[in-house]
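The structure appears below as structure tokens.
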Amino acid sequence: MITCLEDQLRRDEGCRGSAYQDNRGFWTIGIGTCIDARVNCGLTNDEIELLFNNRVALAKSSLESQFPWVAALDPVRLGVLENLTFQMGVHGVAEFKQMLAALQQGDFAAAAAALLDSALAKTQAPSRAQRLALCLTSGQWQ
């Protein structure tokens, strides 16, 4: 039942969680939000911040749900896991079995070494992995 503008727009635009091309070929997301630079469209700064904050919160909650023990970590080392979860999702972080085991035991040097022995460090995002490994060993934000 259509009772307001929002109902009309949801019906007329549809809703998709990933980018798609609308009927004119312009890249769009969500409920008819054009993000195509060819027609000077994109997200506003407020939308970018809202999306970012939502994704940070999602990363934190999924990490804590999957690995409840992380709540005992200090903020910097927890931040490393949240950073990785933001990047690759909690299932991607779950692949770092040696790093997670070392972190759970409080062996931060071994956790950093395991991180540096990953594809992330070797080919995907070496600078990021180096900074995160330093966070693990030092307990300081980098």
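Arranged from fewest to most other beta-carbon atoms within 10 Å of their beta carbon, 61, 127 become 127, 61. Largest mean-square fluctuation among 120, 132, 84, in a Gaussian network model of the chain whose springs join Cα atoms under 10 Å apart, belongs to 120.
Were the residues from residue 101 through residue 29 laid out at 0.36 nm apart, the gain over their Cα-Cα distance would be 22.1 nm. When cysteine pairs in the chain are screened for C-beta atoms closer than 4.7 angstrom, the residues that find no partner are 4, 15, 135. Do you know the relative contact order of the chain, to the nearest whole percent, from alpha carbon pairs under 8 angstrom that are 6+ apart? Normalised by residue count, the contact order of the chain is 13 percent.
Taking other C-beta atoms within 10 angstrom as a stand-in for reagent exposure, 27, 141 fall in the order 141, 27, fewest first.
Where the centre of each part is set by its Cα atoms, how far does the range 81-142 sit from the range 12-44, in angstrom? So the two Cα centres are separated by 35 Å. GNM remark for the chain: springs join alpha carbons under 10 Å apart, and the peak mean-square fluctuation among 42, 14, 92 falls on 14. In this structure, residue 55 and residue 5 have a Cβ-Cβ separation that, at R0 = 41 Å, corresponds to a calculated FRET efficiency of about 0.90.
Under the simplified labelling scheme, the residue 13-residue 122 pair shows an inter-label distance of 4.5 nm, with each label point 7 Å from Cα along Cα→Cβ.
In plain terms, the residue of 34, 135, 15 with the fewest other Cβ atoms within 10 Å comes first and the most crowded comes last, giving 15, 34, 135.
Here the Gaussian network model covers the chain, with springs between Cα atoms less than 10 Å apart; of 46, 12, 117, 12 fluctuates the most. Helices meeting the span-like rule in the chain (full DSSP H runs, Cα extent of at least 20 Å along the helix axis, mean Kyte-Doolittle score of -1.0 or higher): 45-66, 75-94.
Read the figures in this text as sums done on the coordinates, not as results from a lab. This is a predicted model, so every value here is computed, not measured. Positions of Cβ are generated from backbone atoms using ideal geometry, with glycine treated the same way; all protein chains shown enter the neighbour counts.
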